[in-house]
Amino acid sequence: MMIFQAVYRPTQEVEALAEVSPYFPHEVRYRAEIEPTFERYLYGPLLRGVLRVAAGMKVLQAGSLHAYLAYVLVLAVLLLIWLGGTT
């Protein structure tokens, strides 16, 4: 008995191949599968969204090192001004 049977929707198939008698099969094939519900409806769309945002972030990372250093310097100066005025 599976508690989450409605969510995972398991399927099982048993196939017995017999040449002479159905009571003595020479080959038995068993296949069990659980539907990837969470991967399909939760993780898949979440992953696509993260990859879309990451593709958009490539534009920001294609700049020069000098520009990044200038951004950090300007941000540090602004933070010092903002925090220095409150004391």
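With respect to the stated conditions, Glu19 fails to be in contact with a strand residue (DSSP E or B) (Cβ under 6 Å, 6 or more places away or on another chain) and of a type in the set (D, E, K, R).
Of the helices (runs of 4 or more DSSP H) lying entirely inside the chain, those carrying at least 1 residues that are among the charged types (D, E, K, R) are 44-57. Quick check on the range 37-56. Is at least one of its residues in the same structural domain as Pro10 (by TED's automatic domain parsing), at pLDDT 90 or above and among the aromatic types (Phe, Trp, Tyr)? No - not one qualifying residue is present in the range 37-56.
Residue-by-condition table, conditions (1) aliphatic (A, V, I, L, M); (2) exposed (fewer than 10 other Cβ atoms within 10 Å of the Cβ); (3) farther than 30 Å from Ala6 by Cβ:
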residue	(1), (2), (3)
Pro36	no, no, no
Leu42	yes, no, no
Ala55	yes, yes, yes
Val59	yes, yes, yes
Ser64	no, yes, yes
Ala67	yes, yes, yes
Tyr71	no, no, yes
Val74	yes, no, yes
Val77	yes, no, yes
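The values are calculated or read from the model by the stated rules, or taken from the named source; none is laboratory data. Fair warning: this is a prediction, and the values are worked out from it, not measured in the lab. Please note: Cβ atoms are built from the backbone with ideal geometry, for glycine as well, and neighbour counts cover all protein chains shown.
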